[in-house]
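Computed from the coordinates by the stated procedures, all read-outs in this text should not be read as laboratory data. These figures come from a predicted structure and were not determined experimentally. Counting neighbours? That spans all protein chains shown, and the Cβs are built from the backbone with ideal geometry, glycine included.
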Amino acid sequence: MGKEDLERIQGKLESITRKWWFLIIFILIGTITPPIVTKGYDPSEIGKIIMYILTNSLIEFFSPLYPVFKIIPIVLVFALILFKDKVSRIFSIYCGISYLLFAFLQGIAITDKYGLGIVTGNFIIMIFAALSWFWEAFVNKNDFTPRKLSILRYWVVPLAFLAFWYPIDLRSMEPDFNLIYLFTNVAGLAFCTMTPVYLGILTLYYPKVNIVTLRLTSLPGMIIGFWNIVVNFFIRPDILWWNGVLHLPLVIISIYAFILSFRKYVA
């Protein structure tokens, strides 16, 4: 497949993903698609079932690997700074793999109560994000060449850092600013904490980035971020308020990235 063919496909993808009907379908998939469980359930309990799957997902079985998935992103960020475009494809492939892991490890649970359970909406939109990163690894549109930026563009950095750090005691759900969490906790394998990092990087190099990847990563970020805000601040604020605060980077950076993906850039 030649360069012209790739550019034509890229253009079509950019066009389709900005259509109003695509956005509506995508949002509906992420918001109203019912979960799949192998044991029967009452449709009136869908909300409880989704929460049960999310809180008992497969990710808890991978705790020995948490440090690995904290160290790799740190290494990749420094590699982007030092080696720039030479590692762009490696970075994109890792992001694609990450979103596949998010989909399977956070969207699926195997429990005695419901059997195999899948949060279908989250699973599908995370897969879309993964595919967009693999597509970027193929077409290599991201340009990580350093450029002069206004200091105001760097506002995403502290928010992304907070999300990646994820300073919380998961037993009490209270703030815990232990620096060891930068290297040890679950954040490296979690959609809500890594998406601000990946999107934050793309916004710093915007407009020389893959718009399709930017859009199809920020859309799930807004959808999943919205539901996290609802749960953390409005349903269980007594216990989950700090977890809600730590999800604000996901919501804010996703909205920002989504807006950038529609903005006409003038050099």
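Distance between the C-alpha centers of region 98-136 and region 15-78? Whole Å please.
Taking the Cα centre of each part, region 98-136 and region 15-78 sit 5 Å apart.
Fully extended, how many nm does the chain gain between A79 and I255 (0.36 nm per residue separation, minus their Cα-Cα distance)?
Using 0.36 nm per residue and subtracting the Cα-Cα distance, I get 60.7 nm.
How large is the helix-only mean residue ellipticity at 222 nm for the chain, computed as the sum of -39500 (n - 2.57) over DSSP H runs with n ≥ 4, divided by its residue count, in deg cm²/dmol to the nearest 500?
Values: 11 runs with 167 residues, N = 267.
Using -39500 (n - 2.57) per qualifying helix, the result is -20500 deg cm²/dmol.
What full-extension length gain, to one decimal in nm, is calculated for L65 and F183 as 0.36 nm per residue of separation minus the Cα-Cα distance?
On the way: separation 118, 0.36 × 118 = 42.48 nm, distance 1.08 nm.
Length difference between fully extended and current span is 41.4 nm.
Zone of K3 (label point 7 Å along Cα→Cβ, backbone N under 18 Å): which residues in region 109-144?
Correct set: 136-144.
For region 43-57, what does the Karplus curve 6.51 cos²θ - 1.76 cosθ + 1.60, with θ = phi - 60°, yield as ³J(HN,Hα) per residue in whole Hz, taken in order and with x for Gly and Pro?
Once θ is set to phi - 60°, the couplings for region 43-57 become x, 5, 9, 4, x, 5, 5, 4, 4, 5, 4, 4, 7, 10, 6 Hz.
At what distance in nm do the modelled label points of I93 and D143 sit from each other, each positioned 7 Å from its Cα along Cα→Cβ?
2.4
Give me, ordered by chain and number, the residues 5 or more places off F144 or on other chains with an amide H under 5 Å from its own placed amide H.
D85
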